[in-house]
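Undergrad: One structure coming up, written as structure tokens, with questions to follow.
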Amino acid sequence: MSQRTGSLVVSELIGGRVRGMQEYAPEPLAETARRLGVAPASLIKLDANENPYGPTDRAAAVLRAYAEHHRYPDPISRRLRQAIGSYLSVDPDQILVGNGSDELIDLLLRLFRPAPRPVAGSNADDRAPNGIGQVIDCQPSFGMYAFYGVANDMQVVDIPRTSGYGVDVEAIETLCARDPQPRILFVASPNNPDGQLLPEAALRRLLALPLVVVLDEAYVEFAGDSRVGWVAEHDNLIVLRTFSKWAGLAGLRVGYGVFPPALATALLKLKSPYNVNGAAQAAALATLEDVEQAMARVRLLVAERERLYTRLQDIPVVQPHPSQANYIMCHVRGYTLAELRDWMEARGILLRYYGRGALADCIRISVGTPEQNDAVIEALEALPSQVLASKE
Ligand SMILES: Cc1ncc(COP(=O)(O)O)c(C=O)c1O
């Protein structure tokens, strides 16, 4: 029942956009283990594109020795930005570190969303109206672009990907020609869930439009083909990266972006003071101080991705999509996703199941260790064959 405070019913004051939003709450591993009646350590968790090898030895040692829990961290991650600058050959002043790249998506939208109408005596910007009101999302893709777009009261326009999961550049060009208002576009490359890179020519065409282009390279270490060098030549390009995947630090939440100088300066003013905690900064820095071990693991995962893809091609129930990332999206044939999920969970294997729109029959398998991948292959091969539809 609603509680009244004077004449206010506070629950009725919640913005309409929030009422329509879905909580983002994937089941944590301990919960899944409880639901399945097994120990968490017995589960093969390949549902969130995490790195099965975890942090590098150096990052793990730095975390064990970390003794600054009682101190506030460097609010602008100076040492880490220096190290990222050297890692990417980019000016550290153009880098901003965030609490995961998720935070940077939100922060960017807060930077660009239009100011409220000026009211005399308020803190609203009283200059000419500015900002960006529309976010372009290209589904299927990472869900957080639309999530933060809605959370920031921006209009989210979906320009669906083509049947091969490519960005429909022509449709975006048509939209911009019809109504040339400035917009912000999010494109993941490699895209999540299909694992495809955005072709260079497509990026060039997008950058020629009245768009702020956010190229999300969360998985680019697995593809080895970054466009971060293009930020210097395009003041409408932002590249987002993260330590969650290749560096095995998803739980510590360290992402970063490379921004045109004016945006980096503005975002530093807007961000929360201590957005990246001290342990996370130290672990990310340690990763970059000995990047070779992390990259050796990336090479292992890439080799496993290719092996897994080849094996999956021979299994009738799945139709894998070639991927440049640390996961493989597959169409499922002959079983519903719920049936497949039951089968895999009974064998302690957790995958990502979609089930809507263009992904109605799709799953995503994160690449694990060779043993984990073998378990996936074995479980899929063991599915009773009498119900299998023929592979097209
Ligand atoms: C395309 C893409 N971008 C960003 C992220 C979020 O990364 P972070 O852990 O740095 O917030 C993910 C995580 O799954 C992702 O798939």
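A short reminder: the numbers here are calculations on the coordinates, not readings from a lab. Since the model is a prediction, treat every value here as computed from it, not as a measurement. Cβ coordinates were reconstructed from backbone atoms using ideal geometry, including for glycine residues, and neighbour counts include every protein chain displayed.
Undergrad: Would you calculate the separation in nanometres between label points at A303 and E371, each defined as 7 Å from the Cα along the Cα-to-beta-carbon direction?
TA: Roughly 1.8 nm, to one decimal.
Undergrad: Using amide H atoms built 1.01 Å from N in the peptide plane, name the residues 5+ places from R113, or on other chains, whose amide H lies under 5 Å from its own.
TA: Sorted by chain and number, the residues that satisfy this are I132.
Undergrad: Roughly how many debye, to the nearest 20, is the charge dipole of the chain about its Cα centre, given +1 on each Lys and Arg Cβ, -1 on each Asp and Glu Cβ, and no other charges? Walk me through the numbers before you get to the answer.
TA: Working: 39 positive and 46 negative charges, 158 e Å.
Once rounded to the nearest 20, the dipole reads 760 debye.
Undergrad: Shifting gears a bit: Placing +1 on the Cβ of each Lys and Arg and -1 on the Cβ of each Asp and Glu in the chain, which of I136, L111, A61 has its Cα farthest towards the positive end of the resulting dipole?
TA: Going by the charge dipole, the pick is L111.
Undergrad: By how many nm would the segment from A171 to T265 grow when fully extended, if each residue of separation counts as 0.36 nm and the alpha-carbon distance is taken off? Mind showing how you got there, number by number?
TA: Numbers: separation 94, 0.36 × 94 = 33.84 nm, distance 3.27 nm.
That works out to 30.6 nm of additional length.
Undergrad: While we're on this one: Would you kindly derive the ³J(HN,Hα) couplings of the range 307-321 from the backbone phi angles with the Karplus curve 6.51 cos²θ - 1.76 cosθ + 1.60 (θ = phi - 60°), listing them in order in whole Hz, with x for Gly and Pro?
TA: 5, 4, 4, 4, 5, 5, 4, 8, 9, x, 6, 10, 10, x, 9
Undergrad: Would you work out the charge dipole size for the range 36-133 about its Cα centre, treating the Cβ of every Lys and Arg as +1 and the Cβ of every Asp and Glu as -1, and quote it to the nearest 20 debye? Walk me through the numbers on the way to the answer.
TA: Values: 11 positive and 12 negative charges, 30 e Å.
My answer is approximately 140 debye.
Undergrad: May I ask you to derive the FRET efficiency for A338 and D158 from their Cβ-Cβ distance with R0 = 41 Å, giving the value to the nearest 0.05?
TA: Details: r = 26 Å, r/R0 = 0.63.
For A338 and D158, the calculated efficiency is 0.95.
Undergrad: Something else now. What FRET efficiency comes out for the pair E345/S86, r = Cβ-Cβ distance, R0 = 45 Å, nearest 0.05?
TA: Values: r = 44 Å, r/R0 = 0.97.
Computed FRET efficiency for E345 and S86 comes out at 0.55.
Undergrad: Give me the Kirkwood hydrodynamic radius of the range 59-290 in Å, from all C-alpha pairs, to one decimal place?
TA: Numbers: mean 1/r = 0.0542 Å⁻¹.
Kirkwood radius, the range 59-290: 18.5 Å.
Undergrad: For the range 219-262, what does the equivalent ellipsoid look like in terms of its semi-axes, each the square root of 5 times an eigenvalue of the Cα gyration tensor, given largest first in whole Å?
TA: Values: eigenvalues 98, 34, 5 Å².
Here the semi-axes work out to 22, 13, 5 Å.
Undergrad: I'd like the distance separating the alpha-carbon centroids of the range 239-300 and the range 149-167, in whole Å.
TA: When both Cα centres are located, 26 Å separates them.
Undergrad: With no solvent and one equal point scatterer per Cα, compute the Debye intensity ratio I(q)/I(0) for the chain at 0.08, 0.10, 0.12, 0.14 Å⁻¹ and report its log10, rounded to two decimals.
TA: Log-scaled intensity ratios, in q order: -0.47, -0.73, -1.04, -1.34.
Undergrad: Here's something else I'd like to know. For the range 303-392, what does the alpha-carbon gyration tensor say about shape, rounded, prolate or oblate, given a ≥ b ≥ c as the root eigenvalues, a/c under 1.5 as rounded, and a/b over b/c as prolate? Can you show the working numbers first?
TA: Numbers: a/c = 1.36, a/b = 1.21, b/c = 1.12.
Note, shape of the range 303-392 comes out rounded.
Undergrad: Can you work out the Karplus-derived ³J(HN,Hα) for every residue in the range 236-249? Use 6.51 cos²θ - 1.76 cosθ + 1.60 with θ = phi - 60°, whole Hz, and x for glycine or proline.
TA: Computed from phi, the couplings for the range 236-249 are 10, 10, 10, 10, 9, 9, 8, 8, 5, 9, 5, 9, x, 10 Hz.
Undergrad: Shifting gears a bit: Amide H to amide H under 5 Å from Y327: which residues, 5+ apart in sequence or cross-chain, H placed 1.01 Å off N in plane?
TA: V367
Undergrad: DSSP loop GluC sites (Glu not before Pro) in the range 1-107 with at most 15 other Cβ atoms within 10 Å of their Cβ, which ones? Provide the component values of the computation, followed by the final result.
TA: Numbers: sites: E12, E23, E31, E50, E68, E103; in loops: E23, E50, E68.
Taking the range 1-107 and a limit of 15 other Cβ atoms within 10 Å, the loop GluC sites (Glu not before Pro) found are E23, E68.
Undergrad: Between P320, P261, P190, which gets the highest mean-square fluctuation from a Gaussian network model of the chain, Cα cutoff 10 Å?
TA: In this elastic network of the chain, the residue with the biggest mean-square fluctuation among P320, P261, P190 is P261.
Undergrad: Would you please give the residues with an amide H less than 5 Å from that of G355, counting only those at least 5 places away or on a separate chain, with H modeled from the backbone geometry?
TA: The list, which skips near neighbours in sequence, is A360, D361, C362.
Undergrad: Compute the acute angle (0 to 90°) between the alpha-carbon long axis of helix 261-270 and the principal axis of greatest extent of the alpha-carbon atoms of the chain; round to the nearest 10°.
TA: 90
Undergrad: A further question on this structure: Where does each of R81, R241 land when they are ranked from fewest to most other beta-carbon atoms within 10 angstrom? Please report the intermediate quantities before stating the final value.
TA: Values: R81 23, R241 27.
In order of increasing Cβ crowding within 10 Å: R81, R241.
Undergrad: Which ³J(HN,Hα) values, rounded to whole Hz and listed in residue order, are derived for the range 22-32 from phi using the Karplus coefficients 6.51, -1.76 and 1.60 in 6.51 cos²θ - 1.76 cosθ + 1.60 with θ = phi - 60°, glycine and proline given as x?
TA: Running phi through 6.51 cos²θ - 1.76 cosθ + 1.60 with θ = phi - 60° gives 9, 5, 9, 9, x, 5, x, 4, 4, 5, 4 Hz.
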